[in-house]
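Have a look at the structure below, then the notes.
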Amino acid sequence: MSGPRRIVLTGGPGSGKTSLIEALAATDHATSPEAGRAIIRRQRMIEGEALPWRDRALFAELMLDRELEAHARADGADGPVFFDRGVPDVVGYLTLCDLPVPAHVERAAHDVRYDRVFIAPVWPEIFGQDAERRQDLDEARRTFDAMAEVYPRFGYDLIELPKAPVTERLAFVLETIREA
């Protein structure tokens, strides 16, 4: 297959990434859900320690493992795969938390590659919190800033998503990768 195969949607929490991933899935595109949400759900279920409010470093390690697994699964896909975050997000998360970035995490972000990266800007009008998203709007802004810094550091050009309804964002993403 020609064209981009691994496409990341990144940005701050509450900026519409997951809604866009769900729209892509509904139109029969291969997707990979956000690792952090799944980890939080499972860790809460078992009263585990790998939660961002208990052990951020352990949470980051589990996110890295899931992102690596998702990236490897994409090898078998017939077309593009859309990821709700990618390996560099783990570096951004650790940086945001003022935690050291272990060499193996840095190496993974350098070696595990994606073809396109879209970044969702902070969008206060749609921002919301829930049981898994405890960040406030200020942390959403800082997360966006961290991702906007970290991805270019690993050699990616960021494509900013428009602040538009999901159907328009979907059309924008599909047209952008079609042009690639």
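The values are calculated or read from the model by the stated rules, or taken from the named source; none is laboratory data. Nothing here was measured: the structure is a model prediction, and the numbers come from that model. Please note: Cβ atoms are built from the backbone with ideal geometry, for glycine as well, and neighbour counts cover all protein chains shown.
Among the numbered conditions (1) part of a helix (DSSP H, G or I); (2) in contact (Cβ under 8 Å) with a residue 24 or more places away in the chain; (3) surrounded by fewer than 17 Cβ atoms within 10 Å (Cβ to Cβ), tell me where residue 58 comes up short.
(2)
Yes/no matrix, rows are residues, columns are (1) exposed (fewer than 15 other Cβ atoms within 10 Å of the Cβ); (2) among the hydroxyl-bearing types (Ser, Thr, Tyr); (3) modelled with pLDDT under 95:
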position	(1), (2), (3)
129	yes, no, yes
138	yes, no, yes
144	no, no, yes
158	no, no, no
163	no, no, yes
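May I ask you to list the residues in segment 70-86 that are part of a helix (DSSP H, G or I) and in contact with a strand residue (DSSP E or B) (Cβ under 9 Å, 6 or more places away or on another chain)? Walk me through it before giving the result.
The initial filter retains those residues of segment 70-86 that are part of a helix (DSSP H, G or I), namely 70-76.
The answer is 70, 71, 73, 74.
What are the residues in segment 63-76 that are of a type in the set (A, V, I, L, M) and surrounded by fewer than 15 Cβ atoms within 10 Å (Cβ to Cβ), if any? Full working, then the answer.
Step one: filter segment 63-76 for residues of a type in the set (A, V, I, L, M), giving 63-64, 68, 70, 72, 74.
Matches in segment 63-76: 72 only.
So for segment 146-164 (the condition being touching a residue at least 12 places away in the same chain (Cβ under 8 Å), assigned to a loop (DSSP other than H, G, I, E, B), in contact with a Phe, Trp or Tyr (Cβ under 6 Å, 6 or more places away or on another chain) and not hydroxyl-bearing (Ser, Thr, Tyr)), does at least one residue qualify?
Yes, segment 146-164 contains at least one residue that is touching a residue at least 12 places away in the same chain (Cβ under 8 Å), assigned to a loop (DSSP other than H, G, I, E, B), in contact with a Phe, Trp or Tyr (Cβ under 6 Å, 6 or more places away or on another chain) and not hydroxyl-bearing (Ser, Thr, Tyr).
Can you tell me which residue in segment 93-125 is surrounded by the fewest Cβ atoms within 10 Å (Cβ to Cβ), limited to those that are free of Cβ contacts under 8 Å to residues at least 60 places away in the same chain and in contact with a Ser or Thr (Cβ under 7 Å, 6 or more places away or on another chain)?
Going through the qualifying residues, I end up with 101.
Could you list all residues from segment 21-39 that are of a type in the set (A, V, I, L, M, F, W, C) and in contact with a Leu (Cβ under 6 Å, 6 or more places away or on another chain)? Lay out the reasoning, then the answer.
Our first condition is that a residue be of a type in the set (A, V, I, L, M, F, W, C); within segment 21-39, this holds for 21, 23-26, 30, 35, 38-39.
Of everything in segment 21-39, those that are of a type in the set (A, V, I, L, M, F, W, C) and in contact with a Leu (Cβ under 6 Å, 6 or more places away or on another chain) turn out to be 23, 39.
Kindly indicate whether residue 10 is of a type in the set (S, T, N, Q), out of contact with any helix residue (DSSP H, G or I) (no Cβ under 6 Å at 6 or more places or on another chain) and on the phi < 0 side of the Ramachandran plot.
On the way: of a type in the set (S, T, N, Q): yes; out of contact with any helix residue (DSSP H, G or I) (no Cβ under 6 Å at 6 or more places or on another chain): no; on the phi < 0 side of the Ramachandran plot: yes.
Taking the combined requirement at face value, the residue does not satisfy it.
Tell me, which residue of segment 9-47 that is within 15 Å of the chain's Cα centre (by Cα) and among the basic types (Lys, Arg) is surrounded by the most Cβ atoms within 10 Å (Cβ to Cβ)?
Looking at residues that are within 15 Å of the chain's Cα centre (by Cα) and among the basic types (Lys, Arg), I get 17.
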